[in-house]
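Structure first, then comments.
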Amino acid sequence: MIELNPFVIFFAAIFTNNMIFSYFLGMCSFIGVSNEIPTSLGLGQAVTFVLTFTTILNYLIYHNILVPLGLEYLRFIVFIISIAAFVQLLEMVVERYFPNLYYALGIFLPLITVNCAILGVSLFMVIRDYTFLQSLGFGVGSGIGWTLAIVAMAGARQRIKRTKLPKGLEGPGITLIITGLMALAFIGFSGIVQIQ
Amino acid sequence: METILITTATVTAFTGVLAFLLTLADRTIGNYGEMQITINDDKEYIVEGGDTLLASLISEQIFIPSACGGKGTCGYCKVKVLEGGGPVLPTELPWITEDELEDNVRLSCQCKVKEDMKIEIPEELFNVREYQMTVESIEDMTPEIKKLRLRFKEGEEIDFKPGQYIQLKAPIYEGNDEEVYRAYSIASPPAVKDYIDLIIGYVPGGKATTYVHKFLKEGDTVDINGPYGDFYYQDKYDNEMVMVAVGTGIAPILSILYYMRDNDIKRKARFYFGAKTPEDLFLLDEIEKLEKDLYDFEFIPTLSRVLDEHNWTGERGRVNVSLDKHIKTPEDKEAYLCGSPGMIDSVIEVLTEKGILEELIFYDKF
């Protein structure tokens, strides 16, 4: 493992190793909820929020339960369950005790329980053998990167709404093409830093 | 063997702990206790908190019109929330106009019951029920218009005011991939309790009308809910009734006329019906009977595209022309209009110009 500063990982997760533009993870909600900037920003915040906490949680579960028991291969199923349960719990808590937060991003929480970017981050964290701080940087950075991507996409789609498209490309079709173009643009960042 | 046991035990323990935590959370954090919903400052209901307003109302047998089933994608289930309910959610905004925002209108499927609430709903919604009906007959009135008779299940009946409408569910069929509800006025008499008649015109590309015209067969079952609507017979004054309709707009007018016949109401009534050619006129024998049975009723069809070969001796031109000609004194009249928005707007213009008070013009735009 290369000793990378958590901040480097944080920035890399936003720009060079963006969840959407480098790994194409979390595409379902990315395509579905990127019609308007305010909603996509809300969803992005929710993803960042959940990513931060699930990365911490899964780090603890993996290193304190699975590794000591020699059950690393269970990580897929365990991570999925812990994410689903955590999001449920989080939604209940936020709804009850933080009404303002709930109105800003709580209603998006059920949408991202099954977002694969969230499972992806936890799995990458394990594969790349990150330390706790590195994982935290990676989790937060990935969330911000995802938010950046969906907000940029929403901005592009708001403009596209007023243009004429070939019928077959309307909706998801054009969104995927734009995603591809944006991903090409993001390759421009790749010289800054590489994490693997 | 040992691996299998450890794996199973770990996964079981893990899910067990989480399930326990979630149940605990549901009992404590998710438990809002009993809340009181006050409707129209009058009726009070105690419901379990935490659910959506729509679901809570349905559990109290109050049906708010909703086509999507609470997914926040149809925008029908609007109610006025006067107290409680919290801020308007982003998921509601696409459906609520600025005027409605100021009026505290909310989507009841998104707004959750987390505190005592005061809401306002139209009084007649207390009467709304869902019914599964059997199609007893489908009759062609004109090539474009069908009359549907739907029979209630044994023991069920509907209580509606003459002129009100129901919503008919068009299910998913070939060429239509979503369930939709469309409103149709009831054409049968309110006194008849075991069936209702609907008059449904064909709209090219229309989801419900295509379903009714191309797919529905006698003996099929359909889902409806109702009754709805604030267009119905008014008995406040004893004015002469000016009724105006085109095409399928005849349905609520018929129901009103039957009601007057069944209750022996002695009021003068004139029915101006607009169509293009004599072929577009239908149910003439029913109307002729009504002309005989009612105290003082006259049917005045007006045709806008008559050719010489039709030998038409009645009124010609649009209904506006006919109204302009026949209405002399406005003081003692009230009007019932049913038709397209364009027709209604132009008729209201003629009637108000004649001097009929706007509050005495009742209409149903479709």
When the expected Rg is taken as 2.2 N^0.38 Å, what fraction or multiple of it is the alpha-carbon Rg of the protein assembly as shown?
1.29
Separation of the A:Leu111 and B:Thr142 label points, Cα + 7 Å toward Cβ, nm
4.7 nm
What list of ³J(HN,Hα) values in whole Hz, one per residue of the stretch A:158-174 in order, does the Karplus curve 6.51 cos²θ - 1.76 cosθ + 1.60 (θ = phi - 60°) give from phi, with Gly and Pro shown as x?
4, 6, 5, 3, 8, 10, 8, 10, x, 3, x, 9, 4, x, x, x, 5
Ignoring ligands, DNA and RNA, what percent of the 1.4 Å accessible area of chain A is carbon and sulfur?
70 percent
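What trypsin sites (Lys or Arg not before Pro) does the stretch B:104-165 have in DSSP loop regions with at most 16 other beta carbons within 10 Å? Before the final figure, lay out the partial values.
Details: sites: B:Arg106, B:Lys112, B:Lys114, B:Lys118, B:Arg129, B:Lys146, B:Lys147, B:Arg149, B:Arg151, B:Lys153; in loops: B:Lys114, B:Lys153.
Loop-located and lightly packed - B:Lys153.
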How many angstrom lie between the C-alpha centres of the stretch B:241-277 and the stretch A:47-118?
63 Å
Tell me: how much accessible area in total is hidden between A and B, 1.4 Å probe, Å², nearest 100?
2000 Å²
About its Cα centre, the protein assembly as shown carries a charge dipole, from +1 on Lys and Arg Cβ atoms and -1 on Asp and Glu Cβ atoms, whose size in debye to the nearest 20 is 2260 debye
Any aspartates and glutamates whose Cα falls less than 15 Å from that of B:Lys78, other than same-chain ones fewer than 8 residues away, would be B:Glu92, B:Glu98, B:Asp99, B:Glu100, B:Glu102, B:Asp103, B:Glu120, B:Glu123, B:Glu124
Within the stretch B:34-121, what whole-number % of the accessible surface is contributed by carbon and sulfur, with the 1.4 Å probe and all protein chains included in the calculation?
44 percent
Set of the stretch A:1-29 residues, backbone N closer than 16 Å to the point 7 Å along the Cα-Cβ line of A:Phe132:
A:6
Probe 1.4 Å, all chains present, heavy atoms only: B:Lys266 accessible area in Å², nearest 10, is 110 Å²
B:Asp220, B:Asp285, reordered so the largest accessible area comes first (probe 1.4 Å)
B:Asp285, B:Asp220
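Please find the FRET efficiency linking B:Asp293 to B:Ala9, where r is the Cβ-Cβ separation and R0 is fixed at 60 Å, and quote it to the nearest 0.05.
0.15
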Using +1 on the beta carbon of Lys and Arg, -1 on that of Asp and Glu, and nothing else charged, what's the dipole of the stretch B:170-268 about the Cα centre, debye to 20?
400 debye
Nonlocal amide H pairs with B:Thr142, under 5 Å, H built at 1.01 Å:
none
Rounded, prolate or oblate: which fits the stretch B:1-154 when a ≥ b ≥ c are the square roots of the eigenvalues of the alpha-carbon gyration tensor, with rounded for a/c under 1.5 and prolate only if a/b beats b/c?
oblate
Between the stretch B:115-153 and the stretch B:76-112, what is the separation of their alpha carbon centroids in Å?
26 Å
Could you name every residue in the stretch A:91-113 that has 30 Å² or more less accessible surface in the full protein assembly than in its own chain alone (probe 1.4 Å, ligands and nucleic acids excluded)?
A:Met92, A:Glu95, A:Arg96, A:Tyr103, A:Ile107
Projected onto the charge dipole of the protein assembly as shown (+1 at Lys/Arg Cβ, -1 at Asp/Glu Cβ, origin at the Cα centre), which of A:Tyr130, B:Thr38, A:Gly42 gives the Cα projection farthest towards the positive end?
A:Tyr130
If amide hydrogens are placed 1.01 Å from N in the peptide plane, which non-local residues have theirs closer than 5 Å to the one on B:Tyr363?
B:Leu337
At a probe size of 1.4 Å, how large is the accessible area of B:Thr8, to the nearest 10 Å²?
80 Å²
Output the pairs from A:Lys164/B:Lys207; B:Lys328/B:Lys354; B:Lys146/B:Lys276 with a Cα-Cα distance over 19 Å in this structure; if there are none, say none.
A:Lys164/B:Lys207
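To the nearest 20 debye, what charge dipole does the stretch B:126-228 have about its Cα centre, counting +1 at the Cβ of each Lys and Arg and -1 at the Cβ of each Asp and Glu?
Using only the charged Cβ atoms, the result is roughly 240 debye.
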Given points 7 Å out from each Cα along the Cα-Cβ axis, report the B:Leu93 to B:Glu359 separation in nanometres with one decimal.
3.9 nm
Can you run phi through the Karplus equation (6.51, -1.76, 1.60; θ = phi - 60°) for the stretch B:292-300 and list ³J(HN,Hα) in whole Hz, with x for Gly and Pro?
6, 6, 7, 4, 8, 10, 9, 9, 10
Report the semi-axes of the equivalent ellipsoid for the stretch B:126-228 in whole Å, largest first, where each axis is √(5λ) for an eigenvalue λ of the Cα gyration tensor.
21, 15, 13
B:Lys43: which lysines have alpha carbons under 17 Å from its alpha carbon, excluding same-chain residues fewer than 8 sequence positions away?
B:Lys80, B:Lys118
Please arrange B:Glu136, B:Glu92 by accessible surface area, largest first, computed with a 1.4 Å probe and ligands excluded.
B:Glu136, B:Glu92
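The values are calculated or read from the model by the stated rules, or taken from the named source; none is laboratory data. Computed from a predicted structure; not experimentally measured. Neighbour counts run over all protein chains shown; Cβ positions are idealised from the backbone, glycine included. The protein model used for the area step is the full one, side chains on, heavy atoms only, and it has no ligands, DNA or RNA in it. Shrake-Rupley method; radii C 1.70, N 1.55, O 1.52, S 1.80 Å.
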